[in-house]
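The values are calculated or read from the model by the stated rules, or taken from the named source; none is laboratory data. For clarity, every value in this text was computed on a predicted model and none was experimentally measured. All Cβ positions, glycine included, derive from the backbone under ideal geometry; neighbour counts span all protein chains shown. Just the protein is used for accessible areas: all its heavy atoms, side chains included, with ligands, DNA and RNA removed. Shrake-Rupley method; radii C 1.70, N 1.55, O 1.52, S 1.80 Å.
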Amino acid sequence: MKKLLFNVGIMLVFGVCISFFSINVSAMEKTEESSKELDPIVAQDGPEDGINDQSSVNIKITKISDDVTLGNLISTRSAGWDYIGYSAFYSQSKTFYSSGGNLRILIAQPYTGPSTTWLYKLIEEDPTIDDTVKTFELPNSSGTYTVDFSVGSFVDGDNGKAELHLSKLTVPTSSVATEWYD
């Protein structure tokens with residue numbers, strides 16, 4: 001009798017473990033499925049709004065100079081980049097049009113003292129809801145940085161271009177200067 005009760009007990013524990021395992025596997029599958037869902041903003045976009053794949057942006061940030069005067073950086077205008085404009089701003093740059101592929105923004109910012117964080121967001125404009133291309137942070141030091149993005153998945157609309165602007169999310173009292181290359 002003890003053996004029978006022991007075997008029944010083992011079977012019950014085993015059955016509970018199997019049930020628990022299958023519930024967890026089911027929950028993991030649902031989590032994986034939900035992580036593949038579109039961002040809520042992107043989900044509201046129409047078919048004319050492009051793919052908007054943030055994972056394809058591949059941002060690269062490089063400090064190229066301690067100088068904050070963009071005009072002194074002639075060497076940064078290398079072959080293969082077309083100059084598309086300049087914008088100095090406190091909170092939001094002008095809008096620039098990229099035909100996709102790679103985008104380079106030179107950002108010249110001052111040092112503003114300890115405990116400052118420079119946080120930026122590259123935004124692709126749409127008629128209804130704008131899309132975040134990438135949010136990124138630059139070190140708090142005086143200088144000029146190149147920030148390269150792959151923006152091909154954000155090209156959309158009748159003009160076949162990505163309409164982009166840069167928003168500065170911190171340090172509203174200091175202006176930054178930017179040059180844009182496509």
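So which residues in the stretch 122-170 are part of a loop (DSSP other than H, G, I, E, B), under 25 Å from Asp67 (Cβ atoms) and of a type outside the set (Ser, Thr, Tyr), if there are any at all?
Pro139, Asn140, Leu169
So which pairs qualify, if the first residue must be in the stretch 157-181 and over 12 Å from Lys94 (Cα atoms), the second must be assigned to a loop (DSSP other than H, G, I, E, B) and open to solvent by less than 10 Å² (accessible area, probe 1.4 Å), the Cβ gap must be under 7 Å, and the two must be at least 6 apart or on different chains? From residues that are over 12 Å from Lys94 (Cα atoms), the pairs are Ala162/Val151. Against the criterion of being open to solvent by 50 Å² or more (accessible area, probe 1.4 Å), within 20 Å of the chain's Cα centre (by Cα) and closer than 20 Å to Lys60 by Cβ, Lys161 does not qualify. Within the option set Gly113, Gly101, being at pLDDT below 95, farther than 17 Å from Leu166 by Cα, open to solvent by less than 70 Å² (accessible area, probe 1.4 Å) and under 21 Å from the mean Cα position of the chain (by Cα) holds for one residue only, Gly101.
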